[in-house]
Amino acid sequence: MISMRSRSNNDAAPAVKKSRVYYGSLEEKERERLSSDIVSGTATGSDAVKAGIEAGNINISSGETLEIEDRVSERQQEALAEFERRRRARQITVSTDDAEVKAGLRALGEPITLFGEGPADRRERLRGILSVVGPDALKKSRKDEERAKRSQDECQQTWYHEGSTSLKDSRLWLARYSLPRAMRRLEAARAQRDIAEATRTIRQQELHKSLRNLNNFCSQIGDDRPISFCHFSPDSKMLATASWSGLCKLWSIPECNLIRTLRGHNTNVGAVVFRPQAGLSLDQSDVSLASCAADGSVKLWNLESDEPVADIEGHSERVSRVSWHPSGRFLGTTCYDNSWRLWDLEVQEEILHQEGHSKGVHDLHFHPDGSLAATGGLDAFGRVWDLRTGRCVVFLEGHLKEIYSLHFSPNGYHLATGSGDNTCKVWELRNRKCLYTVPAHQNLLSAVRFQPTDGHFLLTGAYDNTAKVWSHPGWTPLKTLAGHEGKVMGVDVSPDGKLIATSSYDRTFKLWLSE
């Protein structure tokens, strides 16, 4: 009986708890309950709750509230600012030219393109940037760029300063000297043009035939050190050689006998050159040669003494070449202080100190008329200067490495330059362009020379131990002068056009003659 009752009680459904829904804050209800418990004094566990509050385990606020209006207003302001930016962006006009868009991005300091970005995307990106920084930012950056470019152009433009009275007098003298010579050269060119084409062709073929028959006529040991330079006298009867030992020597031609040793330099001599009238109209006691050395010294010599008759002072760095003006009155020197100088021997002073190259100036040559001077430098550029005005009239740009030699053709309008890029370039001065590039050698070109009489062939010497003869015009190779065991450092053609001289690092110089 008892067991049956207990089974029936177990089968009965459990009592369902009614869920109580509280509206409002539980915090208020809890406060009311606590206050009622305190009033009634029958609160259960109130001491424990108080202890929890005091210990900081139960936090009950003091009624502080958080306003959400501020955050809502910030979002609204951001949204409004974005709408305003988009409105401004729609009003900004951006060029449809992609090049201008890239230029604008570059001016604003932004990358001109992003990965996978097309022209339309680039325009939108520029428009978006301008809507933030303002459309005037691009104009301002362009103005700054133009201002910087203008100041750079001002730094690069030619400037002049007042020269001395002696320089003005020399320029007038050069003008009076060069103009009649130019007229005579043009008259000779017109007379040459009147010769029948067949006659000119026959002469050219005969010249080429004789050049192909060039052979080593004489070889002479010139010094204990490399022979850096050689130069024929105006009468073709002497050859001057310069050596790294500091000695310059004069040799009889064609016997190659030593005439005189010029002692005065203490270091490597770069060049020794005869004065244009030496041995012809000048006396033995007159200044007939000039030489330069690596220590910046320049010395003048006559044909009577072993000692220099004068020193030219003023160079602080290496002087690599000296060259006489065709008149014999002026001497040009090139220096590694990035300048070249013109000395007037009549007034015995420096009349021109010309800058213009960014690196050392290595070679200098005067135009046959005496009106121009060409300089080549280690900056791979050549310049042609008008001595009558002082202006740089032709800028020779094209070589990849240093220019080590230049030479005017007797025709007056061709200039050859030899460079460290193994090529020889022939420049047309009438249109100021490169006429032809001769892929001349396997190593740097140390010297170039035109035939002094007519300019009908070009001679080049290089550090591949050879010298080569090229036809002019045509620029075809006619003969390779091989025989030196070292680098060819200097070449020259005798004024009568019969002999060719080469000097070398192997301490010898050789004469070449057509059989």
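The values are calculated or read from the model by the stated rules, or taken from the named source; none is laboratory data. Given the structure is predicted, the values throughout are model-derived calculations rather than measurements. Ideal geometry is used to build each Cβ from the backbone, glycine not excepted, and the neighbour counts take in all protein chains shown. These area figures cover heavy atoms from the full protein model, side chains too; ligands, DNA and RNA do not enter into them. Shrake-Rupley method; radii C 1.70, N 1.55, O 1.52, S 1.80 Å.
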Study note, to complete from the structure: If we keep only residues of segment 428-460 that are without any contact (Cβ under 8 Å) to a residue 40 or more places away in the chain and part of a strand (DSSP E or B), then the residue most open to solvent (accessible area, probe 1.4 Å) is 433
Check your understanding: Is it the case that residue 437 is more than 18 Å from residue 209 (Cα to Cα) and in contact with a Gly (Cβ under 7 Å, 6 or more places away or on another chain)?
Key -> no
Revision key, fill the gap. Those residues of segment 44-61 which are of a type in the set (S, T, N, Q) and either open to solvent by 100 Å² or more (accessible area, probe 1.4 Å) or modelled with pLDDT of 70 or more (or both) amount to 44, 57, 59
**Study point:** Condition met for residue 383 (within 23 Å of the chain's Cα centre (by Cα), touching a residue at least 24 places away in the same chain (Cβ under 8 Å) and within 19 Å of residue 414 (Cα to Cα))
**Key:** yes
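For segment 428-462, name all the residues that are over 18 Å from residue 413 (Cβ atoms) and in contact with a Phe, Trp or Tyr (Cβ under 8 Å, 6 or more places away or on another chain).
Within segment 428-462, 440, 441, 443, 444, 445, 446, 447, 459, 460 meet the criteria.
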Check your understanding: Can you find a residue in segment 235-247 that is in a loop (DSSP other than H, G, I, E, B) and free of Cβ contacts under 8 Å to residues at least 40 places away in the same chain?
Key -> yes
Exercise for review: Name every residue in segment 222-237 that is open to solvent by 30 Å² or more (accessible area, probe 1.4 Å) and either touching a Cys at 6+ places or on another chain (Cβ under 6 Å) or within 21 Å of residue 505 (Cβ to Cβ) (or both), in order of residue number.
Suggested key: 224, 225, 231
Study note, to complete from the structure: residue 281 vs (1) within 18 Å of residue 328 (Cβ to Cβ); (2) touching a residue at least 24 places away in the same chain (Cβ under 8 Å): all pass except (2)
Revision key, fill the gap. Per the list (1) at pLDDT below 90; (2) within 31 Å of the chain's Cα centre (by Cα); (3) within 18 Å of residue 230 (Cα to Cα), residue check on residue 491 breaks on (1)
Review point. So which residues in segment 210-221 are outside any loop (DSSP other than H, G, I, E, B) and more than 14 Å from residue 508 (Cα to Cα), if there are any at all?
Key: 210, 211, 212, 214, 215
Check your understanding: In this structure, is residue 498 of a type in the set (Lys, Arg) and closer than 27 Å to residue 185 by Cβ?
Key -> yes
Exercise for review: Tell me, please, whether a residue that is polar (S, T, N, Q), touching a strand residue (DSSP E or B) at 6+ places or on another chain (Cβ under 9 Å) and not in a strand (DSSP E or B) can be found in segment 382-403.
Suggested key: no
Review point. Does any residue of segment 210-221 turn out to be among the aromatic types (Phe, Trp, Tyr), open to solvent by 60 Å² or more (accessible area, probe 1.4 Å) and farther than 30 Å from residue 476 by Cα?
Key: no
Practice item. Please specify each residue of segment 93-107 satisfying the condition of being surrounded by 15 or more Cβ atoms within 10 Å (Cβ to Cβ) and outside any helix (DSSP H, G or I). Key: 94
